[in-house]
Amino acid sequence: MLSNEQLKKILKQTDIMPDAEFEKCLKEAEKNGKKLENYLIEKKVITSGSLYENAAKFFKVPFIDLKNQVVRKDILLNIPEPIASTQEIIAFSADSKEIKIACLNPENIEIFEFIRKKTNLEPKIYLTTPESFNEALKQYHKSLKAEFKDLSSENLDGSDVDLKKLAENLPIVRIVDTLLEYAIFESASDIHIEPEEKDVLARYRIDGILKTVMTLPKNVQPGIIARIKILANLKVDEHRLPQDGRFKINAKDYKVSFRVSIIPTFDGEKIVMRLLNEKAQILTLEQLGLQPSALESIKRNIAKPHGMILVTGPTGSGKTTTLYTVMNILNAPEVNIMTIEDPIEYRMPRVNQSQVNPKIGYTFANGLRAFLRQDPDIIMVGEIRDQETAEIAIHAAMTGHLVLSTLHTNDAVTTLPRLSDMGVPAFLVASTTNVIIAQRLVRKICPNCIQSYKLDKEMIEELKKQIDIENILKTMEEKKIIINAKRGIESLLFYRGKGCKQCSASGYKGRIGIYEVLEITDEMQELILKKATPAELKAQAEKQNMLTIIEDGFIKAKNGITTIEEIMRVTKE
């Protein structure tokens with residue numbers, strides 16, 4: 001579907017509608033909650049065919065009607081169905097040099113580049129109408145139905161040989177390849193393949209949110225599971241126990257590791273694959289999204305030769321990325337860096353990375369103990385989970401090593417009592433901890449469809465239920481973060497994404513961190529030694545002008561980086 005901006009240019013150039021009339025129709029469409037293109041066609045201002053023929057002239061591409069055109073299966077499947085439907089493109093002809101593609105938006109350059117790399121053919125772009133496109137899209141279902149007909153799993157006895165044979169079946173290979181390739185293209189962090197009573201659901205986690213990308217017939221389930229087990233070198237005929245494995249996909253433009261976890265469920269085995277892009281560049285501290293004061297605090301503390309730097313937050317909050325960023329800064333030829341992780345997510349040059357293996361008794365604590373005999377300068381412990389690991393890590397920090405680790409707590413202040421709860425003496429916590437970074441990940445507003453707005457009464461009331469908004473605004477004004485906050489939240493301008501092709505109509509694209517950075521000053525050390533309550537520790541953190549996670553989120557929402565809704569979603573207790 002064409003964007004409003006594209007429509008305006010097309011209608012103006014073809015003299016179909018003057019600007020004033022266009023703006024009037026735009027307001028009417030928004031008032032009725034309709035897309036402008038649909039509104040104009042419904043009101044018979046223009047027909048769909050006429051609009052897209054004029055659009056083709058505007059974009060200087062040929063127009064095609066695919067309604068009665070039968071596309072060969074091998075050409076159609078050059079573009080997998082999930083990509084075809086979400087990106088609104090379809091391949092309808094090809095030869096040895098070029099592939100002809102019908103689309104609804106000829107300016108979607110990124111997807112055409114993806115197809116060029118995938119097929120090694122030069123895309124020739126045509127414009128078609130939404131009706132014509134939807135008609136052509138039906139040919140996928142006919143093609144897949146024919147392929148799936150022969151994949152009945154009723155005759156399988158579950159034997160190893162049988163399942164391996166099924167995993168090599170062309171439709172199964174194609175489904176799995178499509179799921180993996182499209183996940184890489186969409187920058188998904190996880191792929192979920194979930195068996196249900198009558199079908200199989202494929203979902204991707206994109207920017208922290210799960211979305212369904214494919215629903216497959218139940219009879220392909222054994223083949224898909226067997227295929228992934230073979231890729232990950234797992235037991236094909238084991239269906240009762242959980243299994244973990246790993247495999248890689250190497251291509252010219254990407255190198256991705258897939259961490260596979262399989263567990264038995266009521267309707268069959270569920271697969272979750274974590275995608276780890278090995279070519280991904282390690283970010284700088286500035287790129288993480290830290291505010292200037294927090295940034296200075298971290299830089300000051302990672303320059304210290306010993307002590308402990310802790311990163312806290314729930315699972316999937318970007319703790320590992322922050323640790324790797326800090327390690328990258330510290331990674332110099334004159335230091336010995338050792339890590340113990342579960343699992344190793346990214347490889348780093350000159351860093352000695354070790355993976356825990358509880359089956360043989362190689363735990364975080366045992367690994368850490370062995371590290372101290374390896375003459376390390378910097379130690380990274382994937383996670384402090386128990387008293388033993390905590391004590392060894394703190395003793396290492398006390399004896400001249402810089403220790404980096406993660407912990408599961410909701411904010412920076414509660415990390416201190418959490419260590420005490422683990423049985424670590426208060427004097428050790430006070431003397432070894434340098435800085436604590438608490439974080440969450442929020443989705444960034446899509447830059448292609450960003451728009452400003454003011455919060456309505458309903459939204460403000462919802463906000464007040466969750467957080468003390470008046471107090472936050474007052475604090476932020478005192479810290480000179482927001483000027484004229486006294487006028488209230490009603491007067492502030494915020495931002496959101498309207499939804500477009502680039503962000504799959506979600507209004508978001510990419511993620512960034514929101515942080516609170518607690519520096520352990522002399523005053524904070526005294527409070528820890530006195531075994532102060534979390535409230536007293538928090539009061540001291542405020543005296544030190546520590547920005548809380550919510551305050552950092554508000555700054556980013558005010559600056560048009562994320563939305564108020566995102567801040568509320570990730571900071572919900």
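Identify, please: which residue in segment 101-117 is open to solvent by 10 Å² or more (accessible area, probe 1.4 Å) and of a type outside the set (D, E, K, R) and is, among those, nearest to the chain's Cα centre (by Cα)?
Among them, the one singled out is Phe114.
Inspect segment 318-338 for any residue being modelled with pLDDT of 90 or more and in a strand (DSSP E or B) and give the result as yes or no.
Looking for residues that are modelled with pLDDT of 90 or more and in a strand (DSSP E or B), one finds at least one in segment 318-338, hence yes.
Could you give me the residue pairs with C-beta distances under 8 Å whose first residue belongs to segment 356-367 and is part of a strand (DSSP E or B), whose second residue is open to solvent by less than 50 Å² (accessible area, probe 1.4 Å) wherever it lies, and which are 6+ apart or on separate chains?
So the pair list comes out as Tyr362/Val356.
Restricting attention to segment 49-100, and to residues there that are of a type in the set (Lys, Arg) and under 14 Å from Thr128 (Cα atoms), which single residue is least open to solvent (accessible area, probe 1.4 Å)? Even if it seems obvious, please write down each step before you answer.
First pass over segment 49-100, keeping only residues of a type in the set (Lys, Arg): 57, 60, 67, 72-73, 97, 100.
Then drop every residue that is not under 14 Å from Thr128 (Cα atoms), which leaves 57, 60, 67, 100.
On the way: Lys57: 150, Lys60: 177, Lys67: 105, Lys100: 59 Å².
Out of the qualifying residues, it is Lys100.
Would you confirm whether or not segment 67-88 contains a residue that is touching a strand residue (DSSP E or B) at 6+ places or on another chain (Cβ under 7 Å), over 25 Å from Phe185 (Cα atoms) and in contact (Cβ under 8 Å) with a residue 24 or more places away in the chain?
At the first step, the residues of segment 67-88 found to be touching a strand residue (DSSP E or B) at 6+ places or on another chain (Cβ under 7 Å) are 69, 71, 75-76, 78-79, 82, 84, 88.
Retained after the next criterion (residues that are over 25 Å from Phe185 (Cα atoms)): 69.
Those still in the list that are in contact (Cβ under 8 Å) with a residue 24 or more places away in the chain too: 69.
Yes - at least one qualifying residue is present in segment 67-88.
Any residue that is modelled with pLDDT of 90 or more and open to solvent by less than 10 Å² (accessible area, probe 1.4 Å) - is there at least one of those in segment 476-492? Give the steps one after another, and end with the answer.
The initial filter retains those residues of segment 476-492 that are modelled with pLDDT of 90 or more, namely none.
No.
Going by the structure shown, is His306 more than 30 Å from Lys556 (Cα to Cα), of a type outside the set (Val, Ile, Thr), in contact (Cβ under 8 Å) with a residue 40 or more places away in the chain and open to solvent by 70 Å² or more (accessible area, probe 1.4 Å)? Show your work before the answer.
Working: more than 30 Å from Lys556 (Cα to Cα): yes; of a type outside the set (Val, Ile, Thr): yes; in contact (Cβ under 8 Å) with a residue 40 or more places away in the chain: yes; open to solvent by 70 Å² or more (accessible area, probe 1.4 Å): yes.
When the stated conditions are applied, His306 passes them.
Kindly check whether there is at least one residue in segment 544-560 that is open to solvent by less than 90 Å² (accessible area, probe 1.4 Å), touching a residue at least 60 places away in the same chain (Cβ under 8 Å) and basic (Lys, Arg). Full working, then the answer.
Looking only at segment 544-560, we keep the residues that are open to solvent by less than 90 Å² (accessible area, probe 1.4 Å), and these are 544, 546-558, 560.
Now restrict to residues that are touching a residue at least 60 places away in the same chain (Cβ under 8 Å): 546-558, 560.
Keeping just the survivors that are basic (Lys, Arg) gives 556, 558.
Yes, the conditions are met somewhere in segment 544-560.
Of everything in segment 378-402 that's outside any strand (DSSP E or B), over 12 Å from Thr432 (Cβ atoms) and touching a strand residue (DSSP E or B) at 6+ places or on another chain (Cβ under 7 Å), which residue is most open to solvent (accessible area, probe 1.4 Å)?
The qualifying residue most open to solvent (accessible area, probe 1.4 Å) is Glu383.
Could you check, for segment 223-239, whether at least one of its residues is at positive phi, assigned to a loop (DSSP other than H, G, I, E, B) and buried (at least 18 other Cβ atoms within 10 Å of the Cβ)?
Of the residues in segment 223-239, the ones at positive phi are 233.
Restricting the remaining residues to those that are assigned to a loop (DSSP other than H, G, I, E, B) gives 233.
Okay, now just the ones that are also buried (at least 18 other Cβ atoms within 10 Å of the Cβ), so none.
Within segment 223-239, not a single residue is at positive phi, assigned to a loop (DSSP other than H, G, I, E, B) and buried (at least 18 other Cβ atoms within 10 Å of the Cβ).
Can you tell me which of Gln525, Gln540, Gln502 is under 23 Å from the mean Cα position of the chain (by Cα) and of a type in the set (S, T, N, Q)?
Values: Gln525 fails: under 23 Å from the mean Cα position of the chain (by Cα); Gln540 fails: under 23 Å from the mean Cα position of the chain (by Cα).
Of the residues listed, the single one that is under 23 Å from the mean Cα position of the chain (by Cα) and of a type in the set (S, T, N, Q) is Gln502.
If we scan segment 51-61, do we find a residue that is touching a Lys or Arg at 6+ places or on another chain (Cβ under 9 Å) and in a strand (DSSP E or B)?
no
Quick one: Gly507 ticks every box in (1) open to solvent by 10 Å² or more (accessible area, probe 1.4 Å); (2) in contact (Cβ under 8 Å) with a residue 60 or more places away in the chain except a single one, so which number is it?
(1)
Only one of (1) closer than 30 Å to Arg174 by Cα; (2) in contact (Cβ under 8 Å) with a residue 24 or more places away in the chain; (3) within 34 Å of the chain's Cα centre (by Cα) is not met by Gln6, so which one is it?
(1)
Do any residues in segment 427-449 that are closer than 18 Å to Leu537 by Cα and in contact (Cβ under 8 Å) with a residue 24 or more places away in the chain have Cβ atoms under 7 Å from those of residues that are of a type in the set (Lys, Arg) and surrounded by fewer than 24 Cβ atoms within 10 Å (Cβ to Cβ), where the two are at least six apart or on different chains, and which pairs are they?
What qualifies is Asn434/Lys304.
For segment 183-197, how many residues meet the condition of being at pLDDT 90 or above and open to solvent by 50 Å² or more (accessible area, probe 1.4 Å)? Even if it seems obvious, please write down each step before you answer.
So the first thing to find is which residues in segment 183-197 are at pLDDT 90 or above, and the list is 188-197.
Now restrict to residues that are open to solvent by 50 Å² or more (accessible area, probe 1.4 Å): 196-197.
Within segment 183-197, residues that are at pLDDT 90 or above and open to solvent by 50 Å² or more (accessible area, probe 1.4 Å) number 2.
The values are calculated or read from the model by the stated rules, or taken from the named source; none is laboratory data. Please read these numbers as outputs of a predicted model, since none were measured by experiment. So basically every Cβ, Gly included, is an ideal-geometry build from the backbone, and we count neighbours across all protein chains shown. The protein model used for the area step is the full one, side chains on, heavy atoms only, and it has no ligands, DNA or RNA in it. Shrake-Rupley method; radii C 1.70, N 1.55, O 1.52, S 1.80 Å.
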